[in-house]
Amino acid sequence: MNDAPHTATPAVPVLPADLVGAEVLPVQAPKPGMTSTGVRKASAKSARSRSREFALQALYQSLVGRNEAADIDLFTRDLAGFHKADSAHYDALLYGCTEQAAVLDALILPLLDRKFAEISPVEHAAMWIGVYEMQHCPDVPWRVVLNECIELAKEFGGTDGHKYVNAVLGGLAPQLRPLEVDADRKAGRARI
């Protein structure tokens with residue numbers, strides 16, 4: 001009788017014949033503060049970024065459910081993580097966008113290639129946030145507004161929705177922030 005402990009030999013994976021000898025690309029680690037899909041990790045988000053996320057969710061409820069902003073506000077403030085958001089900026093976005101919805105839509109509409117009914121509510125809300133911030137938040141650079149709205153669309157929207165948001169808001173930026181966009185063009189920081 002053999003008293004030596006039995007050790008299992010690990011199974012060696014067998015590659016399909018068509019993959020033998022194929023080039024194997026290294027898996028790239030995500031950048032610090034980013035998930036593997038390229039979205040910012042929650043811990044890397046500023047209070048303003050978080051306020052935009054909560055505003056996007058609230059505006060989605062407004063667009064889809066046709067709920068009143070005050071009712072949506074009460075619900076949203078009870079969501080996990082809201083205490084980490086900039087509540088004043090969230091208030092400005094939620095109430096500003098819902099009160100000025102017709103004005104925001106009138107600015108967005110000429111840049112659309114389809115009807116609003118065919119636009120995802122997530123992308124619609126992200127565009128509202130972008131237009132509102134470009135009009136009413138001069139302390140936020142236009143490129144930051146654009147980037148933040150693209151990130152919202154990437155995280156919450158459809159596969160290529162962020163490209164649509166980028167095109168619309170990028171098209172509106174010269175109209176809504178002409179001096180800032182022109183200065184960035186001259187400095188080589190913008191290609192709009």
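Table for the structure above
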| read-out | value |
| --- | --- |
| Segment 150-171: number of residues that are in contact (Cβ under 8 Å) with a residue 60 or more places away in the chain and of a type outside the set (Gly, Ala, Ser) | 6 |
| Segment 148-166, residues that are open to solvent by 50 Å² or more (accessible area, probe 1.4 Å) and touching a Gly at 6+ places or on another chain (Cβ under 9 Å) | Lys154 |
| Any chance Glu133 is outside any loop (DSSP other than H, G, I, E, B), open to solvent by less than 20 Å² (accessible area, probe 1.4 Å) and farther than 19 Å from Val64 by Cβ | yes |
| Sole exception among (1) within 20 Å of the chain's Cα centre (by Cα); (2) open to solvent by 60 Å² or more (accessible area, probe 1.4 Å) for Leu169, by number | (2) |
| Subset tally (residues that are touching a Lys or Arg at 6+ places or on another chain (Cβ under 9 Å), modelled with pLDDT of 60 or more and farther than 30 Å from Ala101 by Cα) for segment 24-70 | 0 |
| Selection count where residues are under 23 Å from Ser49 (Cβ atoms) and either open to solvent by 10 Å² or more (accessible area, probe 1.4 Å) or without any contact (Cβ under 8 Å) to a residue 40 or more places away in the chain (or both), scope segment 172-183 | 5 |
| Qualifying residue in segment 96-108 (condition: part of a helix (DSSP H, G or I), more than 23 Å from Asn166 (Cβ to Cβ), of a type in the set (Ser, Thr, Tyr) and at pLDDT 95 or above) | yes |
| Tally, over segment 62-83, of residues that are touching a Ser or Thr at 6+ places or on another chain (Cβ under 9 Å) and of a type outside the set (Asp, Glu) | 5 |
| Test: residue in segment 112-130 that is more than 16 Å from Leu56 (Cβ to Cβ), part of a helix (DSSP H, G or I), more than 17 Å from the chain's Cα centre (by Cα) and modelled with pLDDT of 95 or more | no |
| Matching entry among Glu155, Glu148 (being in a helix (DSSP H, G or I) and touching a helix residue (DSSP H, G or I) at 6+ places or on another chain (Cβ under 6 Å)) | Glu148 |
| Residues that are part of a helix (DSSP H, G or I), charged (D, E, K, R) and either surrounded by 17 or more Cβ atoms within 10 Å (Cβ to Cβ) or in contact (Cβ under 8 Å) with a residue 24 or more places away in the chain (or both), drawn from segment 39-93 | Arg48, Arg50, Arg52, Glu53, Asp73, Lys84 |
| Near pairs, Cβ below 6 angstrom, 6+ apart or cross-chain, from segment 121-137 (in contact (Cβ under 8 Å) with a residue 40 or more places away in the chain and basic (Lys, Arg)) to any residue that is open to solvent by less than 10 Å² (accessible area, probe 1.4 Å) and in a helix (DSSP H, G or I) | none |
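The values are calculated or read from the model by the stated rules, or taken from the named source; none is laboratory data. Everything quoted here is computed from the prediction, not taken from an experiment. Don't worry about glycine lacking a Cβ; one is built from the backbone with ideal geometry, like all the others, and counts go over all protein chains shown. Accessible surface is based on the protein model in full, side chains and every heavy atom, while ligands, DNA and RNA are left aside. Shrake-Rupley method; radii C 1.70, N 1.55, O 1.52, S 1.80 Å.
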